[in-house]
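Bear in mind these aren't lab numbers, they're just calculated from the coordinates by the rules spelled out. Because the structure is a prediction, the values reported are computed rather than measured. When we count neighbours, we look across all protein chains shown, and the Cβ atoms used for this are built from the backbone with ideal geometry, even at glycine.
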Amino acid sequence: MTDTDVHQAIQAERSELADILAGLDESDWDKPSLCQGWRVREVVAHITMPFRMSLPKFALEMVKARGDFNRMADRVARKETAQISAAEFVRCLRENIAHPWKPPGGKLVDSLSHDIIHGLDCTVALGLDRVVPADRLEYVIRDQSPKSIEFFGVDLSGVQLRAEDMDWSYGSGTPLTGRAQDLLLVQCGRKLPPGHLRGADAARFTRD
């Protein structure tokens, strides 16, 4: 995997996500996403935030949030959704398909992770049967580490995640199976709609 490969994957993912978002009804933008407390609108504001926010502005917002990234991201997303239309968010994504942004201190593949995971936060919540191409998903899911999973606060003790559509598993214990992209969301602390996961512990990671 080279940086060129990852750049191409990022551009393809953003382009396809922009097409999906452009086709949503206005009411879809106000439906809940898989990110707790955020509508689809806030998630897309967050996806595109790096394209509008300079490093000095990012630093200032982090100071305002007393160093709490989640608090900062939530405040910025809510502020922007009150000021920016759905069409403008889509245009911003299209105009920044090749943007070189990386999370501070992060790797290029982290940018791909950001786009894929938050894109799924929208499409899965909306019931859209969008499957992330396997080559892109492999970059991300094989890059997940115990440290990154710990960041999301998800408890995977006693569970082995086992993909049905990819030669991939994570952890040990009772098998929890599903599409690799759905298991990636489990790693990120999301609870999925019913029917996405199979196994004795499926209810533990499924929305009521």
Mean Cα-pair separation over length for the stretch 1-116, i.e. relative contact order, pairs under 8 Å, 6 or more apart, % = 41 percent
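Lys and Arg at +1, Asp and Glu at -1: add these up for the other residues within a Cβ distance under 13 Å of Thr48 and post the number.
Numbers: positive: Arg14, Arg41, Arg52, Arg91, Arg94; negative: Glu42, Glu80, Glu88, Glu95, Asp115.
Residues near Thr48 contribute 0 overall.
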query = What FRET efficiency would be calculated for the residue pair Asp167, Phe51, taking the C-beta separation as r and a Förster radius of 41 Å, to the nearest 0.05?
reply = 0.70
query = Mind checking Rg over Rh on the chain, alpha carbons, Kirkwood formula for Rh?
reply = 0.95
inquiry  = 7 Å from Cα along Cα→Cβ at both Gln8 and Lys79: what's the point-to-point distance in nm?
reply    = 3.9 nm
query = Roughly what % of Cα-Cα distances in the stretch 1-53 sit above 14 Å, to the whole percent?
reply = 63 percent
query = Using a Gaussian network model of the chain with C-alpha springs under 10 Å, which one of Lys191, Lys31, Lys64 is most mobile by mean-square fluctuation?
reply = Lys64
ask   = How many percent of all Cα-Cα pairs in the stretch 110-208 sit more than 23 Å apart?
value = 15 percent
note = Note on the stretch 114-155: C-alpha Rg/Rh, Kirkwood Rh, two decimals, gives 1.01
task = Express in % the proportion of alpha carbon pairs of the stretch 57-117 at distances exceeding 17 Å.
result = 55 percent
request  = For Arg94 and Ala59, calculate 0.36 nm times their separation in residues minus their Cα-Cα distance, and state this gained length in nm to one decimal.
outcome  = 10.0 nm
note = The set of residues whose placed amide H lies less than 5 Å from the amide H of Leu192, leaving out same-chain residues fewer than 5 positions away, is Thr206, Arg207
message = Testing the spin-label approximation: label points 7 Å from Cα along Cα→Cβ at Ala134 and Ser157. State their distance in nm.
response = 3.5 nm
